[in-house]
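Written below as structure tokens is the structure these notes are about.
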Amino acid sequence: MLGTAAAFALIWAMAFPVEAAGPVSYEAAVAAGLGAESTLAANEGSDSGALALSPEQQALMAEGADWTARVNLYHAGGGGATGDDSLGCRPIAMRTMAVDPRYIPRRTRLFIPETVGMRMPDGAIHDGYWYASDTGGAIKGQKIDLYTGHGRGSMAPAMRFNQRRLTLVDAGRFEGCPPSWDRVPSQTTQMAGLDSTRGGSR
């Protein structure tokens, strides 16, 4: 009787005979259908989602930058952000932004064109709006911190923006705290202070 290993080797040899000509070329492997297994789509952090832009978003996309800043990502947990932001608000993932208030005033609603269409871990598509509601001792001048959520993994969708200089467009002022994703404020409320906050160059 054959042992288990010998039986396995015999079955393996019958299923995959050794070719006398040597290794199989890439073209031959493709023609034989080897490696044709499909790979599941990875949506996290991709721009694969379609987003119909509102008239306001289209207008902001067409505008030049009011500011530019180098981005740093931060998250809660593991020595990251803890507690409330500098306005006393709970930080909102992919909404809360920490700024140097001497460069970008707190309570500024900002539009970052580069983040429009970013697919977030829950499948939502980012609309490009961020809220300057936090500050930090290490944030000086043309630097901003974008809050991504809880844990290092929350940074994945936005990781390609980390340490890059992004475009910031003034989209008006906001009152209260940054909105959570399940209660996006009306454009009328948010746009109320837009014209009065714009003015000179920054």
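Across the options Ala76, Cys89, Ile104, the greatest Cα extent toward the positive end of the charge dipole of the stretch 70-125 (unit charges at beta carbon of Lys, Arg, Asp, Glu) belongs to Ile104. A crude spin-label estimate for the pair Ser86 and Gln142, with each label 7 Å from Cα along the Cβ direction, gives 2.0 nm. One decimal place: the segment Ala52-Glu175 gains 41.7 nm when fully extended, by the rule 0.36 nm per residue minus the C-alpha distance. Kirkwood radius, the stretch 115-164, all distinct C-alpha pairs, inverse of mean reciprocal distance: 12.3 Å.
Coordinate-derived values only; no laboratory data. No experiment lies behind these values; they were computed from the predicted model shown. Cβ sites come from the backbone with ideal geometry, for glycine too, and all protein chains shown count toward neighbours.
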